[in-house]
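The values are calculated or read from the model by the stated rules, or taken from the named source; none is laboratory data. Fair warning: this is a prediction, and the values are worked out from it, not measured in the lab. We place every Cβ from the backbone using ideal geometry, glycine too, and count neighbours over all the protein chains shown. Ligands, DNA and RNA are stripped out before the accessible areas are found, and what is left, the full protein with its side chains, is counted by its heavy atoms. Shrake-Rupley method; radii C 1.70, N 1.55, O 1.52, S 1.80 Å.
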Amino acid sequence: MPVIRSVRGYTPKYDDSCWVADNAVIVGDVELGSDCTVWFSAVIRGDVNSIKIGTNTNIQDNATIHGTYEQASTTIGNNVSIGHNAIVHGCTLEDDVLIGMGAIVMDHAVVGKGTIVAAGAVVLENAKLEPGAVYAGTPAKKIKKLEEKHKALQQRIASNYIKYASWFREE
C-alpha cells in the first residue's frame, strides 16, 4: 500500500482515476487531478507548503515533489511528465511540460507551457523558461524552439503513462 498520510491537518486529495504505486508517498496538502499516475518510490510531500497537480500528469519513479515552508508552493499543470529521479521544488510547471530524468527545478522557477527540460538539467531559482522551447545544461539554458516531433513526444509520454497504469490495475 502507498503511504498516504495527513500532516498538519492536511490530507492528500485524489480520485479513483489516479493510480499510485505501492511504495509511493503522498503526504499533506496535495491535490491530484484526474488520471494522474504516481510511480514507484516517488514522493509528493506537501508537509511544508501546498502541491497542486493537474490532470493526466505522471510523476515517475523516484521523483520528488516538494516546496519551501511559507515561501514556495508547487503548481504542476495538465499533461505534465516528470521523469525518473527528477526534483520539482517550489515552482510552477505549466501545461504540457516534460521534465527529463534527473532534472532539478528550483523554487519560484516557472516552466512555460509545452517546454522540455532535458535530462540532468538544473533550472535555477526564479528562472522563467519561455513556452515551447527545449532547455538543457547546468544552469539550464534555451537550446532551441520546440519542433512538432517534440510536441508529439510530450503527448505520447503523457498518454502512455495512463496505459502503463492500466497494466497494474489489471493485476
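For segment 94-119, name all the residues that are on the phi > 0 side of the Ramachandran plot and open to solvent by 40 Å² or more (accessible area, probe 1.4 Å).
H108
Filter segment 66-93 down to the residues that are open to solvent by 30 Å² or more (accessible area, probe 1.4 Å) and either touching a residue at least 40 places away in the same chain (Cβ under 8 Å) or in a loop (DSSP other than H, G, I, E, B) (or both) and list them by number. Matches in segment 66-93: Y69, E70, Q71, S73, N78, N79, H84, N85. Scanning segment 12-50 for residues that are in a strand (DSSP E or B) and in contact with a Pro (Cβ under 9 Å, 6 or more places away or on another chain) yields V20, V25, I26, V27, G28, D29, V30, E31, L32, V38, I44, G46. Picking from residues in segment 119-139 that are in contact (Cβ under 8 Å) with a residue 24 or more places away in the chain and among the hydrophobic types (A, V, I, L, M, F, W, C), the one that is nearest to C91 (Cα to Cα) is V123.
Matching residues to (1) modelled with pLDDT of 95 or more; (2) touching a Gly at 6+ places or on another chain (Cβ under 9 Å); (3) over 24 Å from I157 (Cβ atoms); (4) open to solvent by less than 40 Å² (accessible area, probe 1.4 Å):
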| residue | (1), (2), (3), (4) |
| --- | --- |
| M1 | no, no, yes, no |
| N23 | yes, no, no, no |
| D29 | yes, yes, yes, yes |
| G33 | yes, yes, no, yes |
| T64 | yes, no, no, no |
